[in-house]
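The values are calculated or read from the model by the stated rules, or taken from the named source; none is laboratory data. From a predicted model like this one, the values you see are computed outputs, not experimental measurements. Cβ coordinates were reconstructed from backbone atoms using ideal geometry, including for glycine residues, and neighbour counts include every protein chain displayed. With ligands, DNA and RNA removed, areas are computed over all heavy atoms of the protein, side chains included. Shrake-Rupley method; radii C 1.70, N 1.55, O 1.52, S 1.80 Å.
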Amino acid sequence: TLSSRLGLATVIPKVSQVDNSSDFLGKVPHRKHPGICNLKTVKLPPELVKAACSLVAESSVRNLENKSKAFINYLWSRKRPLEAADLCRKAQELEQKLRGTRMAAPQEGEPGLGGYCGGEDVPHEQHMVLDVLGVLQRVYTNELSFVYMVARMDGVFAAVCRAFHEIQKRVPEFQPSTLLDFGSGTGAVSWAAHSMWGKTLKEYMNIDSSAPMLALAEKLMKGLSEDQNLHFPGVYFRQFLPVSPKVKFDLVVSAFSLNELTSYSHRVETVQALWRKTDGFLVLVENGTKEGHQMLMEARDVVLKGMDKVVHDPREARVFAPCPHHLPCPRLSRDHPVPCNFVQMYRPLPFSWNPPQKEEKFFYLIVRRGTGESEEAWPRITQSVLCRPRHVHLHLCCADGHLQHCVITSRRHGRDLYRCARTSSWGDRFPVSNPESQLPLEAEAACEGEDRDENENQH
């Protein structure tokens, strides 16, 4: 109905753009207008693919396909970690359940629950503790680390490349020499950073609390080289963050790691610590679910509101992407919260069960240290672009903190802006200043007959 759509639908009758002249793009083609942020299909480095395939070929892990698919489903559906009191209660409930499970003898050769706790000589009660921890906090053992590599390394690489690409395109003068990756896992972030800034990066600090995961990342980095040297120099593997506040990094990243932390307070402390270590850009990436979106909005508040009592750098925090504003997220409404997310196509690891292409749905947050320079407050395209005869539908998150559904036509907005709209896609920025207009009633006629379910299909 008209009344239900007024909140999101706005036609821009007098939108202002970079330059209203017919040649505001210069010699740049419309498909490469300055708001384009997306990448085409991402490919993993050949050396990384070879190393991963070699490890899989040598592996003795059984049912790898089923385990990797089950693990992906678990990661996609899990909620934020419970707080301490709830965790204790869940642990007690789970312990009672596991005691009943232990009454039945495990199959020969099978380790503990889920196949991730093992050792025939481990006493019964120790098995119980390991199982409880494994289910509630996912301890990354050798096998689980290996399953994570098979299931998620390629998707992580694709999402991080997409975030890095936006920095590289919008701030070409940014040439980092140091990288800190918190929750580094298989080292996919270092590989992605090397593919973007390999000529200037001199230090790749990988931090992960799991020793088996760090060992696996090092194996991948050495690959099939006969001399067992790392694929590129300057890569370090550590279990703890550098303590000194003087140690800072040009680029700090946490990709799909905040949900591994044990509580909200732990996440707050970690985000504060990462921001202290940031000299240029802080990049956070999580699943494109409600949980992932809300976690990064929590992190955004922690950084922007200065919740850290110890200030090591007076430069202010500025949201670089994807939000065009510092206001509350308009998608986190109490009545109908929906996740803000983006997609990136990539070629997965060439295992028999993987298709030729996959799609990674993720949410990301990039915060930078204030430089005194103002960013263009261009709105972000938050859903698939709907190209129709002689008009284009764009769903935008604007600098005023509101969502707008804009219908762009050549007659009303000019040929160049119209063609920019047709060549844009979900996740791009649209090169217009903050549109201010009221919804004309006749604009609804342009929307009649459109697929009203398109918005729901994005979630």
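Data table
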| quantity | calculated |
| --- | --- |
| Selection count where residues are assigned to a loop (DSSP other than H, G, I, E, B) and either within 18 Å of VAL139 (Cβ to Cβ) or touching a residue at least 12 places away in the same chain (Cβ under 8 Å) (or both), scope region 235-275 | 12 |
| The listed residue being closer than 30 Å to ASP250 by Cβ and of a type in the set (Lys, Arg), out of ARG412, ARG347, ARG422, ARG331 | ARG347 |
| Residue in region 283-317 that is farthest from LEU179 (Cα to Cα), counting only those that are in a strand (DSSP E or B) and at pLDDT 95 or above | ASN287 |
| Qualifying residue in region 322-342 (condition: of a type outside the set (Phe, Trp, Tyr), assigned to a strand (DSSP E or B) and either over 22 Å from ASN287 (Cα atoms) or in contact with a helix residue (DSSP H, G or I) (Cβ under 7 Å, 6 or more places away or on another chain) (or both)) | no |
| Condition check for PHE174: closer than 11 Å to LEU251 by Cβ and either of a type in the set (Phe, Trp, Tyr) or crowded, with 24+ Cβ neighbours inside 10 Å (or both) | yes |
| Identity of the residue in region 318-341, touching a residue at least 60 places away in the same chain (Cβ under 8 Å) and surrounded by fewer than 17 Cβ atoms within 10 Å (Cβ to Cβ), that ends up nearest to the chain's Cα centre (by Cα) | VAL338 |
| Single unsatisfied condition, LEU75 versus (1) open to solvent by less than 40 Å² (accessible area, probe 1.4 Å); (2) at pLDDT below 95; (3) touching a Pro at 6+ places or on another chain (Cβ under 9 Å) | (3) |
| Extreme residue, most open to solvent (accessible area, probe 1.4 Å), among residues of region 41-72 that are under 30 Å from VAL385 (Cα atoms) and either at pLDDT below 95 or not in a loop (DSSP other than H, G, I, E, B) (or both) | ILE72 |
| Some residue of region 222-234 being outside any loop (DSSP other than H, G, I, E, B) and in contact with a strand residue (DSSP E or B) (Cβ under 6 Å, 6 or more places away or on another chain) | no |
| Top-ranked residue of region 223-266 - restricted to ones that are modelled with pLDDT of 95 or more and basic (Lys, Arg), ranked as surrounded by the most Cβ atoms within 10 Å (Cβ to Cβ) | LYS248 |
| Of all residues making up region 157-185, the number that are among the aromatic types (Phe, Trp, Tyr) and assigned to a helix (DSSP H, G or I) | 2 |
| Test set (1) in contact (Cβ under 8 Å) with a residue 60 or more places away in the chain; (2) crowded, with 21+ Cβ neighbours inside 10 Å - SER384 fails condition number | (2) |
| Residue match in region 136-156 (condition: at pLDDT 70 or above, outside any loop (DSSP other than H, G, I, E, B) and touching an Asp or Glu at 6+ places or on another chain (Cβ under 7 Å)) | yes |
| Residues of region 342-378 classified as within 13 Å of the chain's Cα centre (by Cα) and polar (S, T, N, Q), total | 1 |
| Count of region 186-221 residues which are farther than 23 Å from TYR148 by Cα, in a loop (DSSP other than H, G, I, E, B) and of a type in the set (D, E, K, R) | 2 |
| Any pair with Cβ under 6 angstrom, 6 or more apart, that starts in region 406-431 at a residue that is in contact (Cβ under 8 Å) with a residue 40 or more places away in the chain and ends at one that is assigned to a helix (DSSP H, G or I) | VAL407/ALA446; ILE408/TYR418; ILE408/ALA421; ARG419/HIS30; CYS420/HIS30; THR423/HIS30; THR423/ARG31 |
| Verdict on GLY292 being touching a residue at least 60 places away in the same chain (Cβ under 8 Å), in contact with an Asp or Glu (Cβ under 6 Å, 6 or more places away or on another chain) and within 23 Å of SER425 (Cα to Cα) | yes |
| Some residue of region 391-400 being modelled with pLDDT of 95 or more and under 30 Å from THR186 (Cβ atoms) | no |
